[in-house]
Amino acid sequence: MGSVAISELWYHGSFSREPQMPIISFKGRHFHQEMILQSMRWYLAYSLSYRDIEEMMAERGFSVDHSTINRWVLHYSPQLDAEFWYKKKRVGKRWRLDETYIKVKGQWTYYYRAVDKQGQTIDFLLSTTRDQQAARRFLKKAIKQNGKPSLVNIDQSGANTAGLKLVNRDHNTRIKIRQCKYLNNIVEQDHRRIKRLTRPMLGFKNFDAAQRTLAGIEVMAMIKKGQMKTQASQEQTCAHMFYSLAA
């Protein structure tokens with residue numbers, strides 16, 4: 001088994017999660033793996049700041065600085081994301097695509113996301129631009145990871161329409177494009193969960209930190225939605241499933 005290299009290209013959608021089992025190593029850390037993962041889960045699952053978790057750990061007798069917890073999240077979130085995608089359940093073929101806004105270093109960036117008609121998360125991509133190339137990049141990444149959809153529902157965005165047409169042209173596919181705003185309510189509602197979790201973060205310091213943190217948030221959300229494969233004989237809580245990614 002080989003380790004997974006977390007590349008900047010992966011974040012921009014031109015490098016996919018390769019089909020090899022990642023090794024998540026906690027060697028050399030001053031804290032136990034269980035404590036690291038619990039701190040991360042709290043941050044990625046709930047509307048808490050790093051200082052909130054620092055205080056919660058202190059109440060349990062552990063002295064850990066909030067900046068250390070931040071480093072754990074940035075280091076391990078992409079690795080847990082890579083591991084999760086080996087265990088992700090299949091999604092539906094009728095997608096709802098939309099983008100929302102995430103503040104990075106005082107500037108608004110565009111966060112592309114898609115869910116299927118049942119609300120299951122398909123994929124996500126942070127972009128500095130909102131144009132047909134960004135939409136195309138997101139769609140190519142999502143299709144590579146989840147297979148080709150039969151239909152993609154979007155709002156009246158001309159950029160998303162153009163991006164879908166480019167994907168159909170590039171791959172000689174006939175993905176149906178539907179523009180119906182009310183059908184995208186499901187993905188717009190899902191955006192609110194992202195906003196609720198990122199609000200206490202008061203914006204990200206840089207693009208890389210935003211991408212890494214959002215990957216962890218999405219993993220925890222997909223686990224809560226029941227999108228992680230588990231053995232039928234095992235009844236696991238969301239917390240246990242999250243911890244098992246690093247086992």
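Details
- Unique residue being among the polar types (S, T, N, Q), closer than 21 Å to ASP81 by Cα and crowded, with 16+ Cβ neighbours inside 10 Å when the list is THR230, THR213, THR237: THR213
- Segments classed as helices (runs of 4 or more DSSP H), wholly inside the range 161-247, with at least 1 members that are free of Cβ contacts under 8 Å to residues at least 60 places away in the same chain and more than 15 Å from the chain's Cα centre (by Cα): 185-198, 238-244
- The residue that is surrounded by the fewest Cβ atoms within 10 Å (Cβ to Cβ), among those in the range 100-114 that are in contact (Cβ under 8 Å) with a residue 40 or more places away in the chain and not in a loop (DSSP other than H, G, I, E, B), is LYS103.
- Residue match in the range 129-151 (condition: in a strand (DSSP E or B) and either at pLDDT below 95 or under 19 Å from GLN211 (Cα atoms) (or both)): no
- In the range 115-137, the residues that are surrounded by fewer than 17 Cβ atoms within 10 Å (Cβ to Cβ) and closer than 17 Å to MET222 by Cβ: LYS117, GLN118, GLY119
The values are calculated or read from the model by the stated rules, or taken from the named source; none is laboratory data. If you're wondering where the values come from, they're calculated on a predicted model, not measured in any experiment. We place every Cβ from the backbone using ideal geometry, glycine too, and count neighbours over all the protein chains shown.
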